[in-house]
Amino acid sequence: MAHIDCNFYSDSLQKNAHVIVFIPSMSADDFLEDRQVSYYEEGKKYPVLYLLHGSYGDCMDWSLRSSIERYAQDKEIAVVMPSAENSAYINMVWGENYLTYIGKELPDFLRKIFPLSSVRDENYIAGLSMGGYGAFRVALEYPETFGYIASLSGGLDMPALQNGTEAHSKKMPLNYKEAVFDGGDKIAGSRNDLPVLLKEKKSAEICLPKMYMNCGTEDFIYPANEAFYKAACQMGVEITYERFQGVHCWDYWDAHIKDVLNWLP
Amino acid sequence: MAFFQTNFFSPVLGFNTDINVLIPTPNSDEILNHKKSDYFFDGAKYQVLYLLHGAYGDYSDWMRLTSIEKYAQNHKLAVVMPSASNSFYQDMFRGSSYLTYLTEELPQFVKALFPISAKRENTFTAGLSMGGYGALRLALTKPEQYAACASLSGAIDIEGCLERVKNGTMGGPFLWDSIFEASAQIAGTDADLFALIKKRKAEGRQLPKVFQSCGTEDFIYPLNILAHQRLLETGIDLTYEEHPGIHDWDYWDTHIQRVLEWLPLAEDSVKE
């Protein structure tokens, strides 16, 4: 894999953006085993996974703390890891437009720069924790762009989590939380409430992305996953859901991002 | 400008290597001043400058020690900055094949990943000191790939450099006997740029045009004067400049701008 650390000016954020990108290229293993792989073929386009970090993280997390490079190399897909602060990947009420940035500007831009597929069924989005929420939030906003959504230990019940008593919610600077949602009480019933958004998209009778959830049964965020899954089932929305023993940690995400890649086409 | 720090495995070198890449994009300046233009029409590619570091350096030097990003943005030029260790841009006899990496593998790699033109008329090399030599070495090795090459304070006369290192009047980290099978016999080989130009001319191949610039207080200035004379004798298309200055980044930061003015630039993305 070519590991590319990108920095460029983002129009939707009105500031510079930092993104890590993996593009398949000849690896030492390919070289040693004489694998004939046509990485540099003219007109070649790779399927691409947008991979989102959790709260308190950034674009470096997945490449530093998991072996995503190795897994993606095996699958011959590109990976795009953006930074979104603690924005929950929405257009912040009092802040930057991360939803527009990740769902619209970034795919448009990166397809111009790198050999990335623009076919919907070859555009995937996944993330952990806040990034699991982000994957759903972004792909449901731009269902024509993303064919597949996957969440690991996702913050899928955002109203409950934002008003929760877990450290993940309590330690977040209050002024930042205000900037994102304009107050935790504004989420329920809004389009930032995933069941509400899902219902809207379902009744619009558009082609919904295929959906996948994965959560550790000892994770503090497990009840939020159960609640969202139940709500989706009640709507008649089909989601593949896998539960394993585990908590909210990188061991879990490094192990189970492989389930996501296996689930993807 | 979009800035890409890129790390990948090079089969030619047999290890991972780094390049810095700049691709023109609308920047905050242009947006503030309503100068935003269409950078990425379908099929848009950029002219590219392969920009080479000097001895003791690596791929990060030009980004860290000059304002190359700003200058390239002004000209809408893509820039690729690779690493070549202290190889003098050769396929080392005992060591790594940097010349092959830079003239074959790297162009193929960057053209596959980035919107970079594949045409000769859009491909240029430049470098400082050892990289000034390297810029000419690359372009003259594959003159069908490069339209122009530029040397700043360059060690164009590699034999002269070796002589001065041997008699102690010049230093350098070069492992001559690793780079060359027999460093005593550089003259007349492809590493001897004057001989290489002669050879390419005899082959009837179209040569890149050459830019040469050196500071008049630079320790390598006398060698550049000699090299200038010998380049003139070859009859190659040569632009020569000398300015007050020494062998330092002030000189290179200033005069890389002259290189960009001299290059045949479209000042825009190109169709391919």
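Miscellaneous remarks
- Lysine pair count for the stretch B:2-271 (Cα-Cα distance under 15 Å; residues 8 or more apart in sequence or on different chains): 17.
- Kirkwood Rh, Cα atoms: Rg over Rh of the protein assembly as shown: 1.06
- Taking the fewest neighbouring Cβ atoms within 10 Å as the starting point, the ordered list for B:His53, A:His3 is A:His3, B:His53.
- Listed by Cβ neighbour count within 10 Å, with the fewest neighbours leading, B:Tyr98, B:Tyr71 appear as B:Tyr71, B:Tyr98.
- Relative to the longest principal axis of the Cα atoms of chain B, helix B:221-234 runs at roughly 90 degrees.
- Along the stretch A:23-28 the Karplus relation, 6.51 cos²θ - 1.76 cosθ + 1.60 evaluated at θ = phi - 60°, assigns HN-Hα couplings of 10, x, 8, 4, 8, 4 Hz to successive residues, with x for each Gly and Pro.
- Neighbour-count ranking [beta-carbon atoms within 10 angstrom, fewest first] of B:Thr141, B:Thr169: B:Thr169, B:Thr141
- In summary, the lysines within cross-link reach of A:Lys75, defined as a Cα separation below 16 angstrom excluding same-chain residues under 8 places away, comprise A:Lys44, A:Lys45, A:Lys258.
- Relative to its Kirkwood radius, the Cα radius of gyration of the stretch A:2-263 gives an Rg/Rh of 0.96.
- Other residues with beta-carbon under 12 Å from the beta-carbon of A:Leu197 carry, at +1 per Lys or Arg and -1 per Asp or Glu, a net charge of +2.
- Applied to the stretch A:187-204, the Karplus parametrisation 6.51 cos²θ - 1.76 cosθ + 1.60 on θ = phi - 60° returns per-residue 3J(HN,Hα) values of 7, 4, x, 8, 6, 7, 8, 3, x, 5, 5, 4, 4, 4, 5, 5, 6, 6 Hz, with x for Gly and Pro.
- Euclidean distance between Cα centres, the stretch B:1-63 to the stretch A:1-51, Å: 14
- Each eigenvalue of the Cα gyration tensor of the stretch B:113-242, multiplied by 5 and square-rooted, gives one semi-axis; in descending order these are 24, 17, 15 Å.
- Using bins of 5 Å that start at zero, the share of Cα-Cα pairs per bin across chain B amounts to 1, 6, 13, 18, 20, 17, 13, 7, 3, 1, 1, 0, in whole %.
Quick note: the coordinates plus some simple rules give every number you see, no bench work behind them. What you see is a predicted model; the values in this text were computed from it and never measured. Cβ atoms come from the backbone with ideal geometry, glycine included; neighbour counts cover every protein chain shown.
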